[in-house]
Amino acid sequence: MKRVGMLTSGGDCQALNATMRGVAKGLFSNLDEVEIYGFLDGYKGLIYSNFRMLSASDFSGILTRGGTILGSSRQPFKLMRVPDANGLDKVEAMKHTYHKLNLDCLVILGGNGTQKTANLLSEEGLNIIGLPKTIDNDIWGTDMTFGFQSAANIATDAIDCIHTTAASHGRVFIVEVMGHKVGWLTLHAGIAGGADIILIPEIPYDIDKVVAAIERRNKAGKRFTILAVAEGAISKEDAALSKKDYKKKLETSPYPSISYELAKQIEERTAVEVRITVPGHTQRGGSPSPYDRVLSTRLGSKAAQMIIDGEYGYMVAIKNNMVDKTPLKEVAGRLKMVDPNADIVMEAKRIGISFGD
Ligand code: F6P
């Protein structure tokens, strides 16, 4: 008999259900006896012992369903060691739930912060398997996270739609893409959508270079310019500020996001009208793309095999298109960022895409 706990934590994405289905089907198909306990709303369910037992039928028909059947919540890693409002020690509470249910292991689907807590629980002696979820693709130790390709499709669709209206009006359009502190999603959607300018956090931009790129297009007779801007994009000036000063600037900024500041600067320096589109959480919504369904099934299936083999303390990963695993302690606390000199950036620059640098 294997007793397996499962939870989804942090921001959701399209292929969480598809991944859990992969794990569950891999277990139900290969073990005579298995019990799966689903903790509700992420680590909260583990802390407060809020769970339900899941049967094989719970995992049927969910390959294509976005969101998470377990619910999710953000439980910041930095607060894990801070007692809750009633003085409860969260780490001890999670361990207590795990032992009370006599679990063999816990499967944790989540992004960076989630994997940090997964590593903490592993260091506390629990058997943990992590699965790399996020539309941001910023988890260390895996080439790809599930959710990323689905979100890239949606962000690309947004840019595609902007193309036709931008061409009619001869305007500058900014499409602001999610990604938190990294530029993977913007880079991929920007290239896929044929954006003229791509601004990502890893390559701080110079507003004069951005304006020059727009003017070059105007002079060449192009009627419009499309910018794919990461929500975390940053100017060279701001990148030179201390962390504290930059945080203060953001807190006191009159703009809801970087795109609005950029739009104002572009309008002040050029005669063109600027419009902003923020697809926001639509990028995390809807059904997973075929790529993500395959990736999730592969990662989930591998997790099932690791449970059967009793291999714990790892995050399942994909490297060079092979399913693999990375020790949780290597994943925890590290961010996978876009290398400004990566081939993909150079290739984009070679075809004339400006990064504003
Ligand atoms: O990590 C996924 C993500 O969608 C980021 O791209 C974004 O910065 C953040 O989550 C938004 O978080 P929330 O859903 O809590 O607003």
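Consider LYS133 carefully, then state whether it is touching a Leu at 6+ places or on another chain (Cβ under 8 Å), surrounded by fewer than 19 Cβ atoms within 10 Å (Cβ to Cβ) and charged (D, E, K, R).
Here the answer is no, as LYS133 does not meet what is asked.
Residues of segment 91-135 being within 16 Å of the ligand (Cβ to nearest atom) and in contact with a Ser or Thr (Cβ under 7 Å, 6 or more places away or on another chain), which ones?
ILE108, LEU109, GLY110, GLY111, THR114, LEU131, PRO132, LYS133, THR134
Taking into account only those residues within segment 99-130 that are under 30 Å from ALA192 (Cα atoms) and in contact with a Gly (Cβ under 7 Å, 6 or more places away or on another chain), which is surrounded by the fewest Cβ atoms within 10 Å (Cβ to Cβ)?
Here the residue is GLY113.
A quick yes/no check of all residues on (1) farther than 19 Å from ASP12 by Cα; (2) surrounded by fewer than 16 Cβ atoms within 10 Å (Cβ to Cβ); (3) more than 24 Å from the chain's Cα centre (by Cα):
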site: LEU299; (1), (2), (3): no, no, no
site: MET322; (1), (2), (3): yes, yes, no
site: MET346; (1), (2), (3): yes, yes, no
site: SER354; (1), (2), (3): yes, no, yes
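Checking SER122 against (1) touching a residue at least 60 places away in the same chain (Cβ under 8 Å); (2) more than 23 Å from the chain's Cα centre (by Cα): exactly one of these is not met. Which one?
With respect to (1) touching a residue at least 60 places away in the same chain (Cβ under 8 Å); (2) more than 23 Å from the chain's Cα centre (by Cα), SER122 is out only on (2).
Let me spell it out: the conditions are (1) more than 13 Å from the ligand (Cβ to nearest atom); (2) crowded, with 21+ Cβ neighbours inside 10 Å; (3) farther than 21 Å from ALA233 by Cα, and SER168 meets all of them except one. Which number is the exception?
Only one criterion is unmet by SER168, namely (2).
From LEU27, LEU16, LEU7, which residue is in the same structural domain as LYS116 (by TED's automatic domain parsing), within 25 Å of GLY310 (Cβ to Cβ), in contact with a strand residue (DSSP E or B) (Cβ under 6 Å, 6 or more places away or on another chain) and within 16 Å of the ligand (Cβ to nearest atom)?
LEU16 is the lone residue from the list that is in the same structural domain as LYS116 (by TED's automatic domain parsing), within 25 Å of GLY310 (Cβ to Cβ), in contact with a strand residue (DSSP E or B) (Cβ under 6 Å, 6 or more places away or on another chain) and within 16 Å of the ligand (Cβ to nearest atom).
For segment 171-190, enumerate the residues that are out of contact with any strand residue (DSSP E or B) (no Cβ under 7 Å at 6 or more places or on another chain) and surrounded by 20 or more Cβ atoms within 10 Å (Cβ to Cβ).
If the condition is that a residue be out of contact with any strand residue (DSSP E or B) (no Cβ under 7 Å at 6 or more places or on another chain) and surrounded by 20 or more Cβ atoms within 10 Å (Cβ to Cβ), then MET178, TRP184, HIS188 are the ones that fit.
Suppose we filter segment 71-90 for residues that are more than 16 Å from the ligand (Cβ to nearest atom), surrounded by fewer than 14 Cβ atoms within 10 Å (Cβ to Cβ) and either assigned to a helix (DSSP H, G or I) or of a type in the set (S, T, N, Q) (or both); how many remain?
1
The values are calculated or read from the model by the stated rules, or taken from the named source; none is laboratory data. Here the structure is a predicted model, which means the values were calculated and not measured. Cβ coordinates were reconstructed from backbone atoms using ideal geometry, including for glycine residues, and neighbour counts include every protein chain displayed.
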